[in-house]
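Reviewing the structure listed below.
What follows is calculated from the coordinates using simple rules that are stated; it is not laboratory data. All values derive from a computational prediction rather than experimental measurement. A quick note on method: Cβ atoms are made from the backbone with ideal geometry, for glycine too, and the neighbour counts reach across all protein chains shown.
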Amino acid sequence: MQFRSGRTMALALLLAMAAGSVSAQQPADYDPWEPVNVRIYAFNEYVDRNVLRPVANGYTRYVPRLARAGVSNFFANINNISVLANNLLQFKLEAAANDTGRLMLNTSFGLGGIVDVATWAGFDKNEEDFGQTLGYWGIPPGPYVVIPLFGPSTVRDGFGFATDTYTNPLNHRDDAMLRNAAFVLQQIDRRVEAMTVESLMSGDPYIFTREAYLQQREYLVNDGEVADQQSDWGDWD
């Protein structure tokens, strides 16, 4: 189970359960690459079961909770840069001001983001990425796709994910060892976060993950407004 954010996937899982019959409402072609997606999903699950999950379990067992919180806060603070940029691209100026406050407070007074002082000061964490920005400007999601090792996505969100990854300042450090260590630690942190929502899954795991992801993205792109049915994806034949 490769979830990029445990908090947002928890929301997605709850939305999927609340929707109930959402899979019956979906157009038949919204997952046209399902045979390939299922195989990639199975590969991701194999890697998760044999590598990511054991490492995440060891991480939670041997690393103190306070240290793990510091790691999560640090990566969340780095993410504030992308969130701020995407809020500006969507002309959400009030949210962008909030992101600026979070970034400044946590970077300066939170030991580079290790301590989340901004939340204590009333600056809430926003969830924005370039995939959401593309959705805001009317770009359709396109077919559902499972990315090797990274999990559920769509054509639109795949481009967004690549852009967010490229603009992450950690990925432009000259020290390759530092870059790789930061990447591995961030994936472990994300896997630990996802462990909190695994018990909510039911039925076919591939279908449930797919529906949860699509519900989550619709929710985020529309700022909390979820349509009763997915839009027509017929143009992607």
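A few remarks follow.
- One Cα centroid belongs to the stretch 146-165, the other to the stretch 65-132; the line between them spans 22 Å.
- The 3J(HN,Hα) values that the Karplus relation (6.51, -1.76, 1.60; θ = phi - 60°) gives for the stretch 133-144 are, in residue order, 4, 4, x, 4, 8, x, 6, x, x, x, x, 5 Hz. Gly and Pro appear as x.
- Using C-alpha pairs below 8 Å separated by at least 6 residues, the relative contact order for the stretch 77-209 is 18 percent.
- Anisotropy class of the stretch 84-163 from Cα gyration tensor, a/c 1.5 cut: oblate
- Ranking of 124, 116 by count of other Cβ atoms within 10 Å, fewest first: 124, 116
- Whole-Hz ³J(HN,Hα) from phi, Karplus 6.51 cos²θ - 1.76 cosθ + 1.60, for the stretch 89-96, glycine and proline x: 5, 9, 6, 8, 5, 5, 5, 5
- Residue exposure proxy: 204, 164, ordered by other Cβ atoms within 10 angstrom of their Cβ from fewest to most, comes out as 204, 164.
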